[in-house]
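S.K.: Below are the structure tokens for one structure; questions will follow.
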């Protein structure tokens, strides 16, 4: 049997690899700017405006509520219109909001701009990456491809967190917001020039990672990209709601880590630059961690990886709590974060495709993002509240460690639920 090439399809270079680079760059630029650089602004803005961290955290709450609303329909927009135009519009709007934040002088202005930006971020971070990779890569390599695209956030964190932190230290947070707008806008020409929605738009009839013609024939001659159930059908299953809850609880902890990590280690060390270095170092491990998590999902199976990986995130929070008495535990935090930190961006998309197929992936992926958005509202608020009440984040980290064990249990419950019900709907879940 002739070995299939993963570089060339139909006798020519497969454009999906360019799309994988586009996904990587979306995470490298947009995701890092949104998710990982925001925490750098907590201390300077709170000090200048004279507000508590709990009060300023409400900007995140407003942003995330609007992301939640946006995620309910942005998947349908991506399904209806070319990916490059939707992505460009979302990135452009987010960048304009950063320009406005650089001139803000009151909390209501931050709240207003954060709300507008929330709608933009709904379509400018991990959602388009999941859509691009799902459209261009078949089930045999989807996990590895997804992880490669998502690991852009780890590489980006090494670059942009330190870059923005230095601008804040040297020129102030207002100049840093201008820099954030410019960096984020770099994605616009990439999207307009390179992004293509579907393989058929480039003349490809099959994707890298699709089953062979013999395997398709055995499955009844149905294209793997068209198999699965609809989003409406998925909502009727307990399997969906267990995985949705797992994604939500994951983001409760992950968003608290992203929003409060720098502030926590600044309090411990008294040196914001050192705190930013610890944070960016942990994020940088995801360059390897996301790739490994994707490979594990393909080799060990996503249903097993989804249960095991959250336990690494529990280890992250345990080490953070212990770091209050011994900073040596930051090394353990960084190692655990390599796998644990990759969970929010890799596992939900892969488990959704596994459980429900590709038929309406863009719609269901948008709904899974809504789960993450709910978690993003809760997590930073809990962490900031615990700090304002106790003067330390230590109890918050213990709470989040317990929640990550709950995530593992929720994914386990999802794995064993609704299999027969989904089969009756016309989709056989891969073993």
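The values are calculated or read from the model by the stated rules, or taken from the named source; none is laboratory data. Quick caveat, the model's predicted, so the values are computed rather than measured. Virtual Cβ from ideal backbone geometry, glycine too; neighbours counted across all protein chains shown.
S.K.: Quick one: is residue 223 buried (at least 23 other Cβ atoms within 10 Å of the Cβ), closer than 30 Å to residue 424 by Cβ and modelled with pLDDT under 95?
M.R.: no
S.K.: I've got another one for you. Which residue, of 388, 358, is in contact with a strand residue (DSSP E or B) (Cβ under 6 Å, 6 or more places away or on another chain) and over 14 Å from residue 313 (Cβ atoms)?
M.R.: 358 is the lone residue from the list that is in contact with a strand residue (DSSP E or B) (Cβ under 6 Å, 6 or more places away or on another chain) and over 14 Å from residue 313 (Cβ atoms).
S.K.: Return yes or no: is residue 155 free of Cβ contacts under 8 Å to residues at least 12 places away in the same chain, in contact with a helix residue (DSSP H, G or I) (Cβ under 8 Å, 6 or more places away or on another chain), surrounded by fewer than 24 Cβ atoms within 10 Å (Cβ to Cβ) and on the phi < 0 side of the Ramachandran plot? Reasoning before the result, please.
M.R.: Values: free of Cβ contacts under 8 Å to residues at least 12 places away in the same chain: no; in contact with a helix residue (DSSP H, G or I) (Cβ under 8 Å, 6 or more places away or on another chain): yes; surrounded by fewer than 24 Cβ atoms within 10 Å (Cβ to Cβ): yes; on the phi < 0 side of the Ramachandran plot: yes.
Here the answer is no, as residue 155 does not meet what is asked.
S.K.: I've got another one for you. Go through the range 93-169 and tell me which helices (runs of 4 or more DSSP H), entirely inside it, have 1 or more residues that are in contact with a strand residue (DSSP E or B) (Cβ under 8 Å, 6 or more places away or on another chain).
M.R.: 126-136, 142-150
S.K.: Scan the range 255-281 for residues that are buried (at least 23 other Cβ atoms within 10 Å of the Cβ) and over 16 Å from residue 335 (Cβ atoms) and report the count.
M.R.: 10
S.K.: Is there a residue in the range 201-215 that is at pLDDT 90 or above, closer than 29 Å to residue 342 by Cβ and within 25 Å of the chain's Cα centre (by Cα)?
M.R.: Among the residues of the range 201-215, not one is at pLDDT 90 or above, closer than 29 Å to residue 342 by Cβ and within 25 Å of the chain's Cα centre (by Cα), which makes the answer no.
S.K.: Mind checking which pairs have a first residue in the range 203-218 that is farther than 16 Å from residue 11 by Cβ and a second that is outside any loop (DSSP other than H, G, I, E, B) and modelled with pLDDT of 80 or more, Cβ under 6 Å, 6 or more apart or different chains?
M.R.: Close Cβ pairs (under 6 Å, with a partner that is outside any loop (DSSP other than H, G, I, E, B) and modelled with pLDDT of 80 or more) amount to 209/137.
S.K.: Sticking with this one: Just a yes or no: is a residue in the range 269-284 in contact with a helix residue (DSSP H, G or I) (Cβ under 9 Å, 6 or more places away or on another chain), free of Cβ contacts under 8 Å to residues at least 12 places away in the same chain and over 15 Å from residue 146 (Cβ atoms)?
M.R.: Yes, the range 269-284 contains at least one residue that is in contact with a helix residue (DSSP H, G or I) (Cβ under 9 Å, 6 or more places away or on another chain), free of Cβ contacts under 8 Å to residues at least 12 places away in the same chain and over 15 Å from residue 146 (Cβ atoms).
S.K.: Condition first: more than 21 Å from residue 347 (Cβ to Cβ) and either touching a helix residue (DSSP H, G or I) at 6+ places or on another chain (Cβ under 6 Å) or assigned to a loop (DSSP other than H, G, I, E, B) (or both). Now tell me which residues in the range 398-431 satisfy that.
M.R.: Result: 398, 425, 426, 428.
S.K.: Inspect the range 79-91 for any residue being surrounded by fewer than 17 Cβ atoms within 10 Å (Cβ to Cβ), part of a helix (DSSP H, G or I) and at pLDDT below 95 and give the result as yes or no.
M.R.: yes
S.K.: Using the structure shown, decide if residue 113 is under 30 Å from residue 193 (Cβ atoms), over 19 Å from the mean Cα position of the chain (by Cα), buried (at least 19 other Cβ atoms within 10 Å of the Cβ) and modelled with pLDDT of 95 or more.
M.R.: yes
S.K.: Among the residues of the range 10-20, is any within 16 Å of the chain's Cα centre (by Cα) and closer than 27 Å to residue 154 by Cα?
M.R.: yes
S.K.: Give the residue, chosen from 63, 40, that is touching a residue at least 40 places away in the same chain (Cβ under 8 Å), part of a helix (DSSP H, G or I) and within 17 Å of the chain's Cα centre (by Cα).
M.R.: Every option except 63 fails the conditions.
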